[in-house]
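All remarks here apply to the structure that follows.
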Amino acid sequence: MVDFKVPIHIAIQMDGNRRWGRKNKGDPFEGHKQGGETLRGIIEHCKNIGVKILTVYALSTENLKRSKKELALHFKLHKDYIKRHILNSDEFIKNKTRFRVSGRKELLPKDEQELIRQAEEKTKNFTERMFHVCLCYNGQDEIVDAIKKLIGNEIKPEEITREKVKEYLYTKDIPPPEMMIKTGMNPEKRISAFLLWDVAYTELFFSSTLWPDFTSKELDELIEEYNQRDRRFGK
């Protein structure tokens, strides 16, 4: 049990994998592998303390400019996770967790697109928890895609409201996060186009810890800090 109020939705940018790999293994790609292990621990901890929605930024559209070798590793890690923990396991069913991916999924390899489709289909009816992954994602792209859909559906200008725009976002049925955490930030402070629409009133946290070293203890400390903030929403 925890003695603080737990946010319903936490979003995390898992930054610092390559730097960790260079520093600790002499190979930047090793950081991605260790980062995957860290993520599994954080997913389990979020479940245990009562977080209902965990969103992670796993791959941006800008990341697609990286080397073929690094991208191949990303795609392999994604596919291995889906097969091991969702398609070939009852883990998500037992925990009543829905798996969702947001972004321009058509830019992913065909076999990964199919695995995502199967995983989303298998878990689509769960409402207890959600593991939401942003892949080939950029918040500006999300808004551009929403505008295109609004135009395509011939929505009149006077009908366009904040609520209407939300209906056309990737996250149309996902509430905004109360907390956004970005690791590996020292001294930088930026959100890197993550959930641009949805983080309008989100509390932002920047950790100097490289993602593979991020722990459930640090997450709890940030949640405690979140509880001490006064969220006025302009009032």
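The values are calculated or read from the model by the stated rules, or taken from the named source; none is laboratory data. Keep in mind it's a predicted model, so treat the numbers as computed, not measured. For neighbour counting, all protein chains shown are included, and Cβ atoms are generated from backbone atoms with ideal geometry for every residue, glycine included. Accessible surface is based on the protein model in full, side chains and every heavy atom, while ligands, DNA and RNA are left aside. Shrake-Rupley method; radii C 1.70, N 1.55, O 1.52, S 1.80 Å.
Would you pick out the residues in the range 90-137 that are under 29 Å from Glu62 (Cβ atoms) and in a loop (DSSP other than H, G, I, E, B)?
Across the range 90-137, the qualifying residues are Gly103, Arg104, Leu108, Pro109.
Looking for whichever is among the β-branched types (Val, Ile, Thr), open to solvent by 70 Å² or more (accessible area, probe 1.4 Å) and within 16 Å of the chain's Cα centre (by Cα) here; the options are Ile8, Ile12. Which one fits?
Among Ile8, Ile12, only Ile8 is among the β-branched types (Val, Ile, Thr), open to solvent by 70 Å² or more (accessible area, probe 1.4 Å) and within 16 Å of the chain's Cα centre (by Cα).
Among the residues that make up the range 25-36, is at least one of them hydrophobic (A, V, I, L, M, F, W, C) and either closer than 15 Å to Cys134 by Cβ or open to solvent by less than 20 Å² (accessible area, probe 1.4 Å) (or both)?
No, that holds for no residue.
Condition (residue is under 18 Å from the mean Cα position of the chain (by Cα), surrounded by fewer than 17 Cβ atoms within 10 Å (Cβ to Cβ) and among the polar types (S, T, N, Q)) applied to the range 166-177: is it met by at least one residue?
No: the range 166-177 contains no residue that is under 18 Å from the mean Cα position of the chain (by Cα), surrounded by fewer than 17 Cβ atoms within 10 Å (Cβ to Cβ) and among the polar types (S, T, N, Q).
Does the range 98-117 contain any residue that is among the charged types (D, E, K, R), surrounded by fewer than 16 Cβ atoms within 10 Å (Cβ to Cβ) and touching a residue at least 40 places away in the same chain (Cβ under 8 Å)?
Checked against the condition, which is being among the charged types (D, E, K, R), surrounded by fewer than 16 Cβ atoms within 10 Å (Cβ to Cβ) and touching a residue at least 40 places away in the same chain (Cβ under 8 Å), the range 98-117 yields no hits at all.
Would you confirm whether any residue within the range 188-196 is open to solvent by less than 60 Å² (accessible area, probe 1.4 Å), touching a Cys at 6+ places or on another chain (Cβ under 8 Å) and part of a loop (DSSP other than H, G, I, E, B)?
yes
Scan Lys149, Lys164 and give me the residue that is over 30 Å from Arg66 (Cα atoms) and either free of Cβ contacts under 8 Å to residues at least 60 places away in the same chain or outside any loop (DSSP other than H, G, I, E, B) (or both).
Within the list Lys149, Lys164, the selection yields Lys164.
Tell me the residue from Leu59, Leu71 that is open to solvent by less than 30 Å² (accessible area, probe 1.4 Å) and either among the acidic types (Asp, Glu) or touching a residue at least 12 places away in the same chain (Cβ under 8 Å) (or both), please.
It is Leu59.
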